[in-house]
């Protein structure tokens, strides 16, 4: 009987972890802004979550190709803020992209609108 109870507890615990890992994460993405001669992109991952690889990328718009990644910062967190920075260009439109992965599966993906920067 004790073995059955232990197996039931293990099954419930494993199911809870799987459900948490499979849940969609939520968060906010901030439009890029200028600070100290840099373009800054940041995003916040709401939590708690299972350990999550959370990446924030600054994207530069390009007229003839897909957006170009200028700077990326990744951290493994359960909740919190991630920031990435790049030098302000002579002129360019930037957006912030954030994505979260748990066990190789994307649980959050969001992109801000574009902001124009000229130095």
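No lab work stands behind these numbers, since they all come straight from the coordinates. If you're wondering where the values come from, they're calculated on a predicted model, not measured in any experiment. With ideal geometry, Cβ positions are generated from the backbone for all residues, glycine too; neighbour counts draw on all protein chains shown.
Centre-to-centre, using Cα atoms only, region 67-95 and region 24-62 are separated by 7 Å.
If R0 is taken as 30 Å, the Cβ-Cβ distance between residue 118 and residue 46 corresponds to a FRET efficiency of 0.35.
Taking square-rooted eigenvalues a ≥ b ≥ c of the alpha carbon gyration tensor, is region 18-119 rounded, prolate or oblate, where a/c under 1.5 means rounded and, failing that, a/b exceeding b/c means prolate?
Since a/c reaches 1.5 and a/b is larger than b/c, the shape of region 18-119 is classed as prolate.
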